[in-house]
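K.L.:
Structure provided below as structure tokens; questions to follow.
The values are calculated or read from the model by the stated rules, or taken from the named source; none is laboratory data. Keep in mind that this is a model prediction, so the values were computed, not measured. Here the Cβ is made from the backbone with ideal geometry for all residues, glycine too, and neighbour counts use every protein chain on show. Ligands, DNA and RNA are stripped out before the accessible areas are found, and what is left, the full protein with its side chains, is counted by its heavy atoms. Shrake-Rupley method; radii C 1.70, N 1.55, O 1.52, S 1.80 Å.
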Amino acid sequence: MPTHQKWFEGWRLFALLALTLLAMSIWIAGMRGFEVDGVRMVIRFTARTSLLLFCLAFAAAALALLWPNASTRWLRRNRRYLGVTFAASHAIHAVAIASFAVMDPIGYAAATSIASYVFGGIGYAFIVAMAATSFDRTAAAIGARAWRRLHLVGGYYLLFQFMVSFGKRIPDMPLYALFLIPLVAVFALRMIAMAPKPQNQTLRAG
């Protein structure tokens with residue numbers, strides 16, 4: 001593998017992406033003087049980067065199975081690191097939300113509800129658990145079956161949580177429907193990849 005490509009593999013990939021996300025978030029907040037508007041822009045920015053990273057990680061195996069090529073094999077090989085980068089993106093998202101709550105309690109209260117606390121809290125619990133078990137030692141500690149169950153259930157929960165989070169904004173901002181396209185595509189890809197393959201039958205002329 002060429003040396004320059006190693007920066008786009010494994011934990012170096014994670015470090016590069018995570019630092020880029022952090023720098024971009026600071027820059028976005030700084031454009032508005034680190035006031036509430038800037039923080040809310042960071043919330044929207046990290047929601048979208050989290051969506052992209054989640055879709056790439058959750059679709060990686062299905063894409064590699066359905067369309068095996070250099071790009072999908074790279075995606076499959078690095079899905080762990082994309083998944084941990086997704087967790088980093090959502091950690092920045094959480095810090096921005098907490099900052100919003102401190103800086104503008106009234107606006108924060110108007111933008112949230114009990115449901116968002118409950119379902120968002122469950123989503124973050126899955127993210128923490130999935131990120132914590134994305135290392136060889138912790139994955140081995142819980143066992144292959146529990147690891148697969150956690151990442152499968154957590155992945156589908158987060159997929160539907162993203163659908164709800166972006167979908168509920170469509171009545172006010174119809175362009176938010178575009179964010180549902182990759183989510184539906186990921187779900188469809190996984191269903192197609194999981195479908196039993198028909199056995200080839202050899203027809204003989206009688």
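K.L.:
Can you tell me the dipole magnitude for the chain around its Cα centre, using point charges on the Cβ only (Lys, Arg +1; Asp, Glu -1), in Debye to the nearest 20?
P.N.:
So the dipole magnitude of the chain works out to roughly 940 debye.
K.L.:
Working out 0.36 nm times the residue gap between residue 27 and residue 193, then minus their Cα-Cα distance, what length gain in nm do you get to one decimal?
P.N.:
55.8 nm
K.L.:
Test of understanding: in a Gaussian network model of the chain with alpha carbons linked when under 10 Å, which of 189, 178, 53 would top the mean-square fluctuation ranking?
P.N.:
Highest fluctuation of the listed residues: 178.
K.L.:
Which value, in debye to the nearest 20, gives the size of the charge dipole of the stretch 55-175 about its Cα centre, when Lys and Arg are +1 and Asp and Glu are -1 at the Cβ?
P.N.:
640 debye
K.L.:
For the chain, build the charge dipole from Cβ charges (+1 Lys, Arg; -1 Asp, Glu) around the Cα centre, then report which of 69, 110, 173 sits farthest towards its positive end.
P.N.:
Highest projection toward the positive end goes to 69.
K.L.:
Then there is this: Placing unit charges on C-beta atoms (Lys and Arg positive, Asp and Glu negative, everything else neutral), compute the dipole magnitude of the stretch 1-114 about its Cα centre in debye, rounded to 20.
P.N.:
Using Cβ point charges on Lys, Arg, Asp and Glu, the stretch 1-114 gives about 560 debye.
K.L.:
Would you mind telling me the share, in percent, of accessible area of the chain contributed by carbon and sulfur at probe 1.4 angstrom?
P.N.:
69 percent
K.L.:
Ignoring everything except DSSP H segments at least 4 long, calculate the 222 nm mean residue ellipticity for the chain; use -39,500 (n - 2.57) per segment, divide by total residues, nearest 500. Walk me through the numbers on the way to the answer.
P.N.:
Values: 9 runs with 158 residues, N = 206.
Here the helix-only value at 222 nm equals -26000 deg cm²/dmol.
K.L.:
Leaving ligands, DNA and RNA out of it, rank 9, 35 by accessible area with a 1.4 Å probe, largest first.
P.N.:
Listed by decreasing accessible area, they come as 35, 9.
K.L.:
Take the chain, connect every pair of alpha-carbon atoms lying under 10 Å apart with a spring to form a Gaussian network, then pick out the residue of 150, 56, 159 with the largest mean-square fluctuation.
P.N.:
Of 150, 56, 159, the Gaussian network model singles out 150 as fluctuating most.
K.L.:
Looking at the stretch 50-80, which chymotrypsin sites (Phe, Trp or Tyr not before Pro) are in a loop (DSSP not H, G, I, E or B) and have at most 10 other Cβ atoms within 10 Å?
P.N.:
Here no chymotrypsin sites (Phe, Trp or Tyr not before Pro) fit, given the DSSP loop and packing criteria.
K.L.:
Going from most exposed to least, what order do 114, 92 have by accessible area with a 1.4 Å probe?
P.N.:
On the way: 114 130, 92 30 Å².
Most to least solvent-accessible, the answer reads 114, 92.
K.L.:
Find the accessible area per residue for the stretch 82-206; the probe is 1.4 Å, ligands and nucleic acids are left out, and the unit is Å².
P.N.:
Ligands and nucleic acids excluded, the result is 64 Å² per residue.
K.L.:
Could you tell me the relative contact order of the chain? Use alpha-carbon pairs under 8 Å, at least six residues apart, and round to a whole percent. Don't skip to the end; give the middle numbers.
P.N.:
Working: 151 pairs, mean separation 41.1, N = 206.
So the answer I get is 20 percent.
K.L.:
Based on the Cα gyration tensor of the stretch 74-147, what are the three equivalent ellipsoid semi-axes, each the root of five times an eigenvalue, rounded to whole Å and given largest first?
P.N.:
Equivalent ellipsoid semi-axes, largest first: 31, 14, 9 Å.
K.L.:
Using all alpha carbons of the chain, what is the percent of pairwise distances in each 5 Å bin, ordered from the shortest bin to the longest?
P.N.:
1, 7, 12, 16, 18, 16, 11, 7, 5, 2, 1, 1, 1, 0, 0, 0, 0
K.L.:
If the elastic network links every pair of Cα atoms under 10 Å, which of 98, 141, 188 fluctuates the most in the Gaussian network model of the chain?
P.N.:
Answer for the Gaussian network model of the chain: 141.
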